[in-house]
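K.L.:
This is the structure, below, for whatever I ask next.
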Amino acid sequence: MTRRTLKRGFTLIELMIVVAIIGILAAIAIPNFLRFQARSKQSEAKANLKSLFTAQRSQFQEKDKYLTQISVLGFSPERGNRYAYVLNAAPASWTNRNLALQASAATDEAIGVDMFKYPTVATTQPAPAEGAIAYSSAVGNPPATAGVTPAPSCPVCNFLAYATGQLDTDVGIDTWVISSQDATVTPACGDLTDTAAPAGTPYNSYNDVNCP
């Protein structure tokens, strides 16, 4: 006599428990993954601002002044940039990276986001959130807003530039500043205990990873 083997499947309650567990894990993992992605994107701004600082320092060693003209400095981030780079509070003109063929001019004082690579980005010129900047010395400070000061009092003149970009889908704009002079910055949003911005070091004045 052959014994019949009973085959038993999952109950509805067991399936619901599994689905609930998967949902909880997804709710935890997906935001963390998105934040990790955003942090990796921030490396672009830090690397390019350090390159800009090096170009400005080379210019200063040769000419005893800083400049705003990108073509003169030789500052040219690779295509596919998520950030805009601004060397003057009110740029005379922007390098247009909306098309396959890059358009640039000798008067360019800023480089726009590469919307040829990222056509869904809202604007090629995201507005910065710089926070409050206080310099270690009152001599030769950059202006209150981002920009270069080729002041007649060189060699004590200084420069301030920034990178700004949209890393996610909220309204916040990730903003980094860099200066040739030590400063204390109160970030517009971010770690309020980290306010030291040494010369030549990119400072995240609005952290779009953690801020809305």
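The values are calculated or read from the model by the stated rules, or taken from the named source; none is laboratory data. Note that this is a predicted model, so its numbers are computed, not measured. Neighbour counts run over all protein chains shown; Cβ positions are idealised from the backbone, glycine included.
K.L.:
How many of the residues in segment 35-73 are more than 21 Å from S104 (Cα to Cα), aliphatic (A, V, I, L, M) and either modelled with pLDDT of 90 or more or in contact with a helix residue (DSSP H, G or I) (Cβ under 6 Å, 6 or more places away or on another chain) (or both)?
P.N.:
1
K.L.:
Sticking with this structure for a sec: Could you check S76 against (1) over 18 Å from S180 (Cα atoms); (2) in a helix (DSSP H, G or I); (3) modelled with pLDDT of 85 or more and say which number it fails?
P.N.:
For S76, the exception is condition (2).
Listed here are the residues, each with its yes/no results for (1) closer than 24 Å to E109 by Cα; (2) crowded, with 23+ Cβ neighbours inside 10 Å.
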residue: C157; (1), (2): yes, no
residue: A163; (1), (2): yes, yes
residue: T169; (1), (2): no, no
residue: D174; (1), (2): yes, yes
residue: S179; (1), (2): yes, yes
residue: T186; (1), (2): no, no
residue: C189; (1), (2): no, no
residue: L192; (1), (2): no, no
residue: P198; (1), (2): yes, no
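K.L.:
With respect to the numbered conditions (1) within 30 Å of D64 (Cβ to Cβ); (2) at pLDDT 90 or above; (3) out of contact with any Lys or Arg (no Cβ under 8 Å at 6 or more places or on another chain); (4) outside any loop (DSSP other than H, G, I, E, B), which one is the sole condition not fulfilled by A134?
P.N.:
Failing condition for A134: (2).
K.L.:
Can you tell me which of (1) under 19 Å from S205 (Cβ atoms); (2) surrounded by 14 or more Cβ atoms within 10 Å (Cβ to Cβ) is the one D114 doesn't meet?
P.N.:
(1)
K.L.:
Identify the residue in segment 102-121 that is of a type in the set (A, V, I, L, M, F, W, C) and in a loop (DSSP other than H, G, I, E, B) and, among all such residues, is farthest from Q69 (Cα to Cα). Let's see the steps before the verdict.
P.N.:
Keep residues of segment 102-121 that are of a type in the set (A, V, I, L, M, F, W, C), which gives 103, 105-106, 110-111, 113, 115-116, 121.
Going one step further and asking which of them are in a loop (DSSP other than H, G, I, E, B), we end up with 105-106, 113, 115-116, 121.
Working: A105: 9, A106: 7, V113: 18, M115: 22, F116: 23, V121: 25 Å.
Going through the qualifying residues, I end up with V121.
K.L.:
Can you give me the number of residues within segment 119-143 that are surrounded by 16 or more Cβ atoms within 10 Å (Cβ to Cβ) and free of Cβ contacts under 8 Å to residues at least 40 places away in the same chain?
P.N.:
Number satisfying all stated conditions: 1.
K.L.:
Further, regarding this structure: Just to verify a result, which residue in segment 97-111, among those that are under 22 Å from T175 (Cβ atoms) and more than 18 Å from the chain's Cα centre (by Cα), is surrounded by the fewest Cβ atoms within 10 Å (Cβ to Cβ)? Even if it seems obvious, please write down each step before you answer.
P.N.:
Taking segment 97-111 first, the residues under 22 Å from T175 (Cβ atoms) are 97-98, 108-111.
From what is left, the residues that are more than 18 Å from the chain's Cα centre (by Cα) are 98, 108.
Working: N98: 15, D108: 23.
Across segment 97-111, the extreme among qualifying residues is N98.
K.L.:
For G147, all conditions in the list (1) exposed (fewer than 12 other Cβ atoms within 10 Å of the Cβ); (2) at pLDDT below 85 hold save one; what is the number of the exception?
P.N.:
(1)
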